[in-house]
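Participant: Below are the structure tokens for one structure; questions will follow.
The values are calculated or read from the model by the stated rules, or taken from the named source; none is laboratory data. A quick note: this is a predicted structure, and the numbers were derived from the prediction, not measured. Cβ placement follows ideal geometry from the backbone for every residue including glycine, while neighbour counts extend to all protein chains displayed.
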Amino acid sequence: MTYNNQNIKYCKPFIPRKPVRSFRDLEIYQTTLRCSVLVVKDLVPILKRLKYSFEENMVNCAMSIPLFIGEAHSLRFASFEGGVALLEKSMAGCNKMIVYLEQMKGVYGAKVDVGLIDDLIGTYAESRIKSFHLEKSWKRFNVPVPKLSEVDKSNPSRNFKY
């Protein structure tokens, strides 16, 4: 049986992922952190030399994405809505970085490393999709816990569940 190129990505062998014990184990955290380091180390010196006016905004945006992911992972246990909101901010940050990178590529062209910029654009787009999937999985496992004020105090035996 032969497969065309579109179906090859679905024929990959199953590899179980390492369990997530902290936000540092999240693939999207590691990926966006790697991208932010690349932006600061490889692009910022070139942008300063070219006097790119949005360089500081781009650096702040690149650095904030892994920050939002780490904060969202912790906050989701205390305030699920707050954690999801931070994850959505990280997705918006990925979109902003794509815009910054495409604008920089359009303005400066061959003066910047177009290959690196294209790789970063692809990585941020993929990270945005993976963040969305992470949000969906968090919503799937979100089980509301009754607050103490909602527990029926008049008949404690009714509150017991196996």
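For every residue, the table says whether it meets (1) under 17 Å from Gly93 (Cβ atoms); (2) in contact with a Ser or Thr (Cβ under 7 Å, 6 or more places away or on another chain); (3) of a type in the set (A, V, I, L, M, F, W, C); (4) modelled with pLDDT of 60 or more.
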{"residue": "Gly115", "(1), (2), (3), (4)": "no, no, no, yes"}
{"residue": "Asp118", "(1), (2), (3), (4)": "no, no, no, yes"}
{"residue": "Gly122", "(1), (2), (3), (4)": "yes, no, no, yes"}
{"residue": "Leu134", "(1), (2), (3), (4)": "yes, no, yes, yes"}
{"residue": "Lys139", "(1), (2), (3), (4)": "no, no, no, yes"}
{"residue": "Asn142", "(1), (2), (3), (4)": "no, no, no, yes"}
{"residue": "Glu150", "(1), (2), (3), (4)": "no, no, no, no"}
{"residue": "Lys153", "(1), (2), (3), (4)": "no, no, no, no"}
{"residue": "Arg158", "(1), (2), (3), (4)": "no, no, no, no"}
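Participant: Something else now. Out of the residues in the stretch 77-92 that are over 23 Å from Glu55 (Cα atoms) and either among the aliphatic types (A, V, I, L, M) or touching a Leu at 6+ places or on another chain (Cβ under 8 Å) (or both), state the one that is surrounded by the fewest Cβ atoms within 10 Å (Cβ to Cβ).
Facilitator: Ala78
Participant: Among the residues of the stretch 93-116, what is the count of those that are in contact with a Lys or Arg (Cβ under 9 Å, 6 or more places away or on another chain), among the aliphatic types (A, V, I, L, M) and surrounded by fewer than 19 Cβ atoms within 10 Å (Cβ to Cβ)?
Facilitator: Residues flagged as in contact with a Lys or Arg (Cβ under 9 Å, 6 or more places away or on another chain), among the aliphatic types (A, V, I, L, M) and surrounded by fewer than 19 Cβ atoms within 10 Å (Cβ to Cβ) within the stretch 93-116 amount to 2.
Participant: If Ser53 meets every condition in (1) at pLDDT 85 or above; (2) surrounded by 10 or more Cβ atoms within 10 Å (Cβ to Cβ) apart from one, which number is that one?
Facilitator: Here Ser53 clears every test but (2).
Participant: Suppose we keep only residues that are touching a helix residue (DSSP H, G or I) at 6+ places or on another chain (Cβ under 9 Å) and of a type in the set (A, V, I, L, M) within the stretch 13-36. Which one would you say is surrounded by the most Cβ atoms within 10 Å (Cβ to Cβ)?
Facilitator: Ile28
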